[in-house]
Amino acid sequence: MEEFRDLGVRDEAQLARIKAEVSASSLYNEDLAPTGPEERTWTTYNLAALWIGMSIVITTYLLASGLMAAGMNWWQALLTISLGNIIVLVPMLLNAHAGTKYGVPFPVFVRASFGVRGANFAAIARALVACGWFGIQTWLGGAALDALVTAAWGGWANVPGHAFIAFFVFWVIQVVIILTGIEGVKWFESFAAPLLIGGGLALLVWGFVAGGGVGNVFATSAELQMGQAPFWAIFWPSLAANVGYWVTLSLNIPDFTRYAKSQRSQIIGQAIGLPLTMTAFSFIGIAVTAATIVVFGEAIWDPVELVTRLTGDIPALLILAMFVIAIAQISTNMAANVVSPSFDFSNLAPKYISFRTGGMITAVIGVLSFPWILLETAGAYIFTWLVGYGSLLGAIGAVMIADYWILRRRQLDLADLYKHEGRYAYAGGWNWRAIVAVLVGVVPVLPGFFKAATTPGFAGVFENPTFVEGLYNYGLFFTFFVAGLTYLLLNMIPGLAPQPHREPEAT
């Protein structure tokens, strides 16, 4: 198979020898094993469809409104979202390379930089964030289901706890998909992509027609600025939040690119799918909301509420619209918030926790994250949730990129990634340089995080912060560069650089 040249091994026979060598290790199971040519089935379309499926979702639609609620106008919000997604594409592609070259998922790849045991620190940090996101997307999907049933049967609104019943029904639907495994996720994303594009375009066409034309909609959009904060005061934390929106995937993108047919497939697929879809769907949210001002006399940012108003008198159309919204939530949840934590939890005990078991753990913790609290306000969603976890994961991503691209120059010993006594054992399985680098990057932003998290309504959070509090406004930009630089310095100090247990094999 021609694409097998992308792998860090010579041929299928060598890969088979490596698997046989490490199959008895407690660090190995079939879900975490390197993929071979027969498993490399994801084309450029599959990877682009993956990003379309993840990006077209209610939280993306609402992203612009959160920035405008803080004080941006519509084009400033759109520019910030676009720039953030172009920036996050860079670490996305850098980490994706290892997944395609060596066929390993994120928790195995991160063993090279954090150690075979220290990898659990990075993997579980990523997994817990995904669990929170799983809860958020499930809550929003449940809201769509709740609206659908309410429209179909007026008495549903009088059922005690009807919103939570819809939430748990939506949760069960996703659990069924989890049990189909990674191929089920691939099929679902490929099926959902054209449906979601069609649904987004249908909303945009309605907005331009009902809003009196493109010119009138854009003129009306000037009324959408809701906050009063100066642009530059909120630009950096807003940009950090938008990078943080997908920084989770920039860590675990090898979970998907390990199935790519070639490096070319994953690079083009991601470059097309991520920034274009995120910017386009955010634009649809702005344009359609502007049209609601013309049609209804008020801005309706919630697409579930809008679709319910538009289709309430036509049951068949309402069912179709809510079905598309539900597909959007499920497609994002499956790819962004199930695949990674499933592998991450499996990495804790590979011989006992499979991909499917890890997915079930994710689904349970997602409920326990109380997503309805995380979504109470736009400020809590953007400036505490997105910027907060983005700061931590940005530091972890910096260590991974510095280790793979600068120190190791893209060369890994595939077999040693599954050995307790290999070159990635470091000290008891932990690379303390990686842990120290993450702490050096993250600790300085904690005062600003605590201030944002404990200030009701975020009043004055961005006005006259102290120097230390102001570091949080730069979020993962600060933690990424500080952690990456610290890691490189610790590895360059004589006597502190890690010593391999043996020399690498000739390739």
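The numbers here are math on the coordinates, done by the rules we state, and not lab data. What you see is a predicted model; the values in this text were computed from it and never measured. Counting neighbours? That spans all protein chains shown, and the Cβs are built from the backbone with ideal geometry, glycine included.
May I ask you to give the average projected area over all directions of the convex hull of the Cα atoms of region 222-372, in nm² rounded to one decimal?
About 13.1 nm², averaged over all directions.
Can you bin every Cα-Cα distance in region 255-309 into 10 Å intervals starting at zero and give me the percent of pairs per bin, rounded to whole numbers?
The distribution over region 255-309 is 21, 31, 19, 19, 9, 0, given as percents.
Among E189, E305, what is the fewest-to-most ranking by other Cβ atoms within 10 Å?
E305, E189
Quick check: convex hull over the Cα atoms of the chain, volume per residue in Å³, rounded to an integer? If you can, show how the numbers build up before the last one.
Working: hull volume 70.8 nm³, N = 507.
Output value, Cα hull per residue: 140 Å³.
Order these by the 10 Å Cβ neighbour count, fewest first: H97, H420.
The fewest-first ordering by Cβ neighbours comes to H420, H97.
Excluding residues fewer than 8 places away in the same chain, name every one of the lysines whose C-alpha is closer than 22 Å to that of K261.
K19, K101, K186
Rg and Dmax of region 86-208, using alpha carbons, in Å: what are they?
Spelled out, the Cα radius of gyration and Dmax of region 86-208 are 19.5, 57 Å.
Which of I173, I136 comes first, and how do the rest follow, when ranked by fewest Cβ neighbours within 10 Å?
With the fewest neighbours first, I173, I136 line up as I173, I136.
7 Å from Cα along Cα→Cβ at both I314 and V175: what's the point-to-point distance in nm?
Distance between the two pseudo-spin positions: 3.7 nm.
Provide the per-residue ³J(HN,Hα) series for region 349-364, in order, calculated from phi with Karplus coefficients 6.51, -1.76, 1.60 and θ = phi - 60°, each as a whole number of Hz, with x at glycine and proline positions.
Karplus-based 3J(HN,Hα) across region 349-364 equals 8, x, 6, 10, 10, 8, 4, 5, 5, x, x, 5, 4, 4, 5, 5 Hz.
Calculate one ³J(HN,Hα) per residue across region 280-286 by plugging θ = phi - 60° into the Karplus curve 6.51 cos²θ - 1.76 cosθ + 1.60, and present them in order as whole Hz with x for glycine and proline.
5, 6, 5, 4, 4, x, 5
Mean residue ellipticity at 222 nm from the helices of the chain, using -39,500 (n - 2.57) per DSSP H segment of n ≥ 4 over the full residue count, to the nearest 500 deg cm²/dmol?
Taking each H run of at least 4 residues, the total per residue is -22000 deg cm²/dmol.
Compute, for the chain, the length of the dipole vector about the Cα centre, with Cβ point charges of +1 (Lys, Arg) and -1 (Asp, Glu) only. Units Debye, rounded to 20.
On the way: 24 positive and 29 negative charges, 205 e Å.
It comes to approximately 980 debye.
D for region 282-347, whole µm²/s, Stokes-Einstein with Kirkwood Rh over alpha-carbon pairs at 37 °C and 0.692 mPa s: what number?
235
Relative contact order of region 48-207, please, whole-number percent, based on alpha carbon pairs below 8 angstrom and at least 6 residues apart.
Relative contact order, region 48-207: 29 percent.
Using alpha-carbon pairs under 8 Å, 6+ residues apart, how would you state the relative contact order of region 2-390 in percent?
Value for region 2-390: 37 percent.
When the convex hull of the C-alpha atoms of region 47-158 is computed, what volume per residue in Å³ does it have? Write down the numbers at each step before the final one.
Working: hull volume 19.6 nm³, N = 112.
Enclosed volume per residue, from the Cα hull, is 175 Å³.
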